[in-house]
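In what follows, a single structure is set out as C-alpha cells and then discussed.
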Amino acid sequence: MTETHPGAALRVAMIGHGFMGAAHSQGWRVAPRFFDLPLEPEMAVVVGRDAAKTEASARKWGWAEAATDWREVIARDDIDVVDIVTPGDTHAEIALAALAAGKHVLCEKPLANTVTEAEEMTAAADRAAAAGVRSMVGFTYRRVPATTFARDMVAAGRIGRIRQVRAEYLQDWLMDAEAPLTWRMQKDRAGSGALGDIGAHAIDLTEYITGQRVTTVSGIIETLVTERPLLGEGQGLSGTASTERGAVTVDDLALFTGRLSGGALASFEATRFRTGRKNALRIEISGSTGAIAFDLERLNELEYYDATQPETELGFRRILVTEHDHPYLAPWWPTGHMLGYEHGFSHQVFDFVTAIADGTQPHPSFEDGLHVQRVLDAVERSSASGSTWMPTDA
C-alpha cells in the first residue's frame, strides 16, 4: 500500500465514467475546495472501455489521464485509491484485484451481483484492513444532511421506541414500454432490477437511520414489461431503438415486508413504474413518542412529529436542514441556501478520505454492503417461494 501522510496527495483512479462516474467526479473535484481534508485527492486517471469516450470524460471532469485497461492502472505504484462505478457484474473482479494490490477501494452499491461475490469481497476487505487498506460502499444517501440529522434524532430518543417503518423508492423512468433495453434491465449485468438498483438504498437508509438491521423478509418481485427494443449501435438512452427486441431479465417492481432487529415491522417498495414519481426515496419512522419522515424530492427538509406535545399543538412540523450546525453543512453556503443531489458525493469523499487518514474503518463497510446483498437475495428467494418469510442471514 502507498504510504499516506497528513497533507499528502491521494491519487485516485476511477473505473467507469457514466452517470455514476459524473457524480463521483463531481465529489472528488468539489470536496477539497470546501472541506479541509487531511489528504489531498488527485484525480489521476479515469478508465473506460472506449478510448475516445474515456478521453472526453477525462477532459470534461478534470481527470489527468484516461486509460482503457483497469488491470494496468491498478498495478501502478502511483495509485492509492480505486473508485469503482461500473455495472455490478464487474464490481467483484475489480475490487478483489484492487484490494490485493493494496489500494483503498470505494465501490458503488449494490456491492456485488450475488451474495457469494459480496462474501468474497468482504473477506478480502477484512484481510486488507489488517494492512491499513480501507474500503467503503457508496450508499450516498446516508450523506444527505437531512438523513444524517434524522439518524441523530432517532439515536437521541426523539421518537421513542421504533414501532413501524415505511420505506419506498419510487421512479417512473421505465413507464414507456418501448424504452430501449439497457444493462440495468439485464440480470447478468445488473444482478437485479428495481430491487437492487433502488431498493438497496431504501434498505440501507432504513438501517442507517434506525440503527437496526432487517432480519427477515417476505415479499414479491414482478417484471411488468418482459421485453424491450434493443439499442442500435452507438445509441444511448435517448436514442432510437432498433426493431429487434430482447428479454428483460430483472424485476421492475419489488414489494416486501421486513422485521427489524429491534422488533418493529417495516414495509418496502422499489419501483420504476410509479407514474409521476421521479426520484422519491421516502422513509417514515413511527415511534412511541413521535415520528420522523424524509423525502429525497425535498432533500433539505425533514418532517417531525412530537407526540409529547399538548393535543392542541400536535401535527407534523417542517425542519429545514440548512443550518451550519446540521451535519456536513458548516463549509457550505449561508443558512437557507439549499444543497442538491451532487453534494452527497462531496460528503462521501470527505468521510472516506478522513477515514483513510485516520486509519479507521469508513462506513458503510463492505460488511454492511454484504448484509444488504443478503436482504436482496432473501427477497428474491421469498418471491420465488410464494412470499415465504426468509431470514436475511441464511
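Identify all residues within segment 327-354 that are open to solvent by 10 Å² or more (accessible area, probe 1.4 Å), in a helix (DSSP H, G or I) and not acidic (Asp, Glu); write none if there are none. Once the filter is applied, which keeps residues that are open to solvent by 10 Å² or more (accessible area, probe 1.4 Å), in a helix (DSSP H, G or I) and not acidic (Asp, Glu), segment 327-354 yields 343, 350, 354.
Cβ-Cβ contacts under 9 Å between residues 6 or more apart (or on different chains), taken from a first residue in segment 63-82 that is more than 14 Å from residue 93 (Cα to Cα) and surrounded by fewer than 16 Cβ atoms within 10 Å (Cβ to Cβ) to a second residue that is at pLDDT 95 or above and among the acidic types (Asp, Glu), are listed as 64/42; 68/50. Only one of the numbered conditions (1) closer than 13 Å to residue 267 by Cα; (2) open to solvent by 10 Å² or more (accessible area, probe 1.4 Å); (3) not in a strand (DSSP E or B) is violated by residue 160, and that is (1).
The lone criterion from (1) open to solvent by 20 Å² or more (accessible area, probe 1.4 Å); (2) within 16 Å of the chain's Cα centre (by Cα) left unmet by residue 108 is number (1). Filtered by the rule that a residue be closer than 19 Å to residue 259 by Cα and either within 16 Å of the chain's Cα centre (by Cα) or not assigned by TED's automatic domain parsing to the domain that holds residue 272 (or both), segment 140-180 gives 167, 168, 169. Residues being aliphatic (A, V, I, L, M), in a helix (DSSP H, G or I) and open to solvent by less than 10 Å² (accessible area, probe 1.4 Å) are represented in segment 172-188 by at least one member. In a residue-by-residue description of segment 59-82, the property of being of a type in the set (Asp, Glu) and closer than 20 Å to residue 137 by Cα applies to at least one position.
Being surrounded by fewer than 17 Cβ atoms within 10 Å (Cβ to Cβ) and not hydrophobic (A, V, I, L, M, F, W, C), is that true of even one residue in segment 6-16? Taking every residue of segment 6-16 in turn, at least one turns out to be surrounded by fewer than 17 Cβ atoms within 10 Å (Cβ to Cβ) and not hydrophobic (A, V, I, L, M, F, W, C). The residues of segment 287-314 that are part of a helix (DSSP H, G or I) and either open to solvent by less than 70 Å² (accessible area, probe 1.4 Å) or farther than 17 Å from residue 202 by Cα (or both), listed by number, are 296, 311, 312, 313. Residues in segment 315-326 that are open to solvent by 70 Å² or more (accessible area, probe 1.4 Å), out of contact with any Ser or Thr (no Cβ under 6 Å at 6 or more places or on another chain) and in a loop (DSSP other than H, G, I, E, B): 316, 324, 325.
For segment 355-386, the set of residues classified as over 17 Å from residue 141 (Cβ atoms) and open to solvent by 50 Å² or more (accessible area, probe 1.4 Å) consists of 358, 360, 361, 367, 374, 377, 380, 381, 384, 385, 386, listed by residue number. Selection within segment 320-373: residues that are of a type in the set (S, T, N, Q) and under 14 Å from the mean Cα position of the chain (by Cα). The member of this set that is nearest to residue 124 (Cα to Cα) is 365. If you go through segment 18-62 and keep only what is open to solvent by 20 Å² or more (accessible area, probe 1.4 Å) and within 13 Å of residue 86 (Cα to Cα), you end up with 18, 19, 20, 22, 49.
The values are calculated or read from the model by the stated rules, or taken from the named source; none is laboratory data. Worth saying up front: this structure is predicted, and the values here are computed from it rather than measured. All Cβ positions, even for glycine, are placed from backbone atoms using ideal geometry, and neighbour counts span all protein chains on display. Note: areas computed on protein heavy atoms with side chains; ligands, DNA, RNA excluded. Shrake-Rupley method; radii C 1.70, N 1.55, O 1.52, S 1.80 Å.
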